[in-house]
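All remarks here apply to the structure that follows.
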Amino acid sequence: MTQTPEFGRRLIVTVDAKGYGSSDEPSQREIQEAIPALLDRSADHSGLHRQDWDISSTGDGEIAVLPMTTEEPRLLDDYVREVSYGLRRHNHNRTETGRLRLRMAIHHGSAVSSPSGYYGNGIVTASRVLDSDALRGVLSDSGADLVVAVTAPVYQDVVAQGHARLRPEDFRLVSVRNKEFDEPVWVHVPGTGSGTTGTRTPGTFAGDPGQDPTGQPDGEKAAARDTAPEPAQRATPAVRNEFHGSVDAPNGVFGVRYY
């Protein structure tokens, strides 16, 4: 009798390295060795147990299905922070071409176990987000070592509800279009204080940080926002302080006001 596959909703974390395919073989080997070592340390420092994760290596990254008992806030706050810190240490004094830069996608969805691993819509979703042009663009434009995308179930249930130290304004909502996948995701760039990168990719912007977490802004407002000219940059102000006679201001505070 055929055994019914074990269905479950699980946390799924996917990771991929930038530039692996264009690297030479020694560099590819170094990347393959560096990623699991870095992620192992990051999980250990976060109080997570990667030995309990079901991990499938992709060569330049991995797909991990986490136990149902995994605390999502710890994954978002501690693990992401440790991975970012580990990358900074790994890349210290490395040339630009030698840096290890990662994309990470975190999703909560269906993962069905089988003798050969896991399959299901949750696995597909996490993979589509990781491999999307939108996430690749954020990593490239930001110059960061790490960018993290979370899907709607994770953002709405953990971030938007205040269960994590990361706040809604630490994320930028983008639209991910990859094959048949077309969904909003929230992107965070550790170390910047937000998901913004200072640039905008046409067609990928889907909303502002802190908006309604459904990510469905009014169409006319969205169109006006995308077509509106960027605000003019203020010229550097000329500042002149004039003091006539003696000034005794040991606790004085001086500032600049723009008009």
Unmet criterion (only one of (1) touching a helix residue (DSSP H, G or I) at 6+ places or on another chain (Cβ under 9 Å); (2) buried (at least 17 other Cβ atoms within 10 Å of the Cβ); (3) in a helix (DSSP H, G or I)) for T125: (1)
Subset tally (residues that are surrounded by 11 or more Cβ atoms within 10 Å (Cβ to Cβ) and at pLDDT below 85) for segment 8-28: 6
When residues of segment 113-122 are limited to those that are buried (at least 17 other Cβ atoms within 10 Å of the Cβ) and in contact with a Gly (Cβ under 9 Å, 6 or more places away or on another chain), the one modelled with the lowest pLDDT: G120
Residues that are under 15 Å from L166 (Cα atoms) and in a helix (DSSP H, G or I), drawn from segment 42-72: E72
Failed condition for Q32, given (1) polar (S, T, N, Q); (2) touching a Pro at 6+ places or on another chain (Cβ under 6 Å); (3) over 16 Å from L139 (Cβ atoms): (2)
First in segment 8-30 and farther than 15 Å from S56 by Cβ, second anywhere and loosely packed, with under 14 Cβ neighbours inside 10 Å and modelled with pLDDT of 90 or more, Cβ under 7 Å, 6 or more apart: G8/M68
Where D44 falls short, out of the listed (1) touching a residue at least 12 places away in the same chain (Cβ under 8 Å); (2) of a type outside the set (G, A, S); (3) farther than 22 Å from A144 by Cβ: (1)
Residue under evaluation G109, criteria (1) touching a helix residue (DSSP H, G or I) at 6+ places or on another chain (Cβ under 6 Å); (2) surrounded by fewer than 15 Cβ atoms within 10 Å (Cβ to Cβ), criterion not met: (2)
Some residue of segment 73-84 being of a type outside the set (V, I, T), part of a loop (DSSP other than H, G, I, E, B) and under 25 Å from G137 (Cβ atoms): no
Residue tally, condition of a type outside the set (G, A, S) and surrounded by fewer than 16 Cβ atoms within 10 Å (Cβ to Cβ), over segment 42-54: 6
Hits in segment 128-163 (condition: of a type outside the set (G, A, S), under 20 Å from L76 (Cβ atoms) and not in a helix (DSSP H, G or I)): D145, L146, V147, V148, V150, T151, Q161, H163
Residue satisfying condition, being buried (at least 18 other Cβ atoms within 10 Å of the Cβ), aliphatic (A, V, I, L, M) and under 28 Å from S56 (Cα atoms), within set A134, A160: A134
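The values are calculated or read from the model by the stated rules, or taken from the named source; none is laboratory data. Predicted, not measured: the structure shown is a model, and the values here were computed from it. Neighbour counts run over all protein chains shown; Cβ positions are idealised from the backbone, glycine included.
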